[in-house]
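One structure below.
Every number here is computed from the coordinates shown, using simple stated rules; none is lab data. Values in this document were obtained by computation on a predicted structure and should not be read as measured data. Glycine gets a Cβ as well: all are built from the backbone with ideal geometry, and neighbour counts include every protein chain shown.
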Amino acid sequence: MPIRITLTNASSTRYRGQAEIVASIEKTLKREKVKTARVDVVLVDDKEMKKLNRRFLNHNTTTDVITFPLEKDPLYGEIYISLDTARRQAVEYGVGVINELSRLAVHGTLHLVGYDDSTEEEAQTMHRLEDRYITSL
């Protein structure tokens, strides 16, 4: 099985940037030397993201991205991205929505391949990699 990425919009909001999201994930996996993977990306709204965050992480807030690593070999995981939060963050950071969606997809993919961001140093490492791997700027 080569690299396979599926993208599902489970929100009621339309969006653009499907190709950029997929390309950013593919680039991340290739740069991290992953040859076989399945990544399912699900775009949700803030309401659904809050439910996921509460159910699986015991946080009663929404968030931008949640990653669920399901298998290590071959790599398989799910990445949930909030379209609502991505739009707000794009404005806050002064970037396009496609850029922010791609960045969140890369962030989730980095978690799938084993990176963590629980310390400031780890978060900075992930941010540098996001900048390097993001396809749409």
**Message:** Can you tell me which residue is nearest to residue 29 (Cα to Cα) among those in region 77-119 that are more than 12 Å from the chain's Cα centre (by Cα) and of a type in the set (D, E, K, R)?
**Reply:** 116
**region 11-48, subset in a loop (DSSP other than H, G, I, E, B) and in contact (Cβ under 8 Å) with a residue 60 or more places away in the chain, residue surrounded by the most Cβ atoms within 10 Å (Cβ to Cβ)** = 17
**Asked** So which residues in region 76-99 are buried (at least 16 other Cβ atoms within 10 Å of the Cβ), among the acidic types (Asp, Glu) and part of a helix (DSSP H, G or I), if there are any at all?
**Response** 84
**Item:** Filtered residue count, region 45-65, keeping only those that are among the hydrophobic types (A, V, I, L, M, F, W, C) and either more than 22 Å from residue 75 (Cβ to Cβ) or in contact with a Gly (Cβ under 8 Å, 6 or more places away or on another chain) (or both)
**Value:** 2
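Results for (1) free of Cβ contacts under 8 Å to residues at least 60 places away in the same chain; (2) under 16 Å from residue 16 (Cβ atoms); (3) in contact with an Asp or Glu (Cβ under 9 Å, 6 or more places away or on another chain); (4) of a type in the set (Asp, Glu), shown as yes or no for each residue.
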position	(1), (2), (3), (4)
64	yes, no, yes, yes
78	yes, no, yes, yes
81	yes, yes, yes, no
86	yes, yes, yes, no
101	no, yes, yes, no
106	no, no, yes, no
115	yes, no, yes, no
120	yes, no, no, yes
**Message:** When the residues of region 56-75 are narrowed to those that are surrounded by 11 or more Cβ atoms within 10 Å (Cβ to Cβ) and among the hydroxyl-bearing types (Ser, Thr, Tyr), which ends up farthest from residue 37 (Cα to Cα)?
**Reply:** 62
**Request:** Tell me, please, whether a residue that is of a type outside the set (Val, Ile, Thr) and touching a strand residue (DSSP E or B) at 6+ places or on another chain (Cβ under 8 Å) can be found in region 81-94.
**Result:** yes
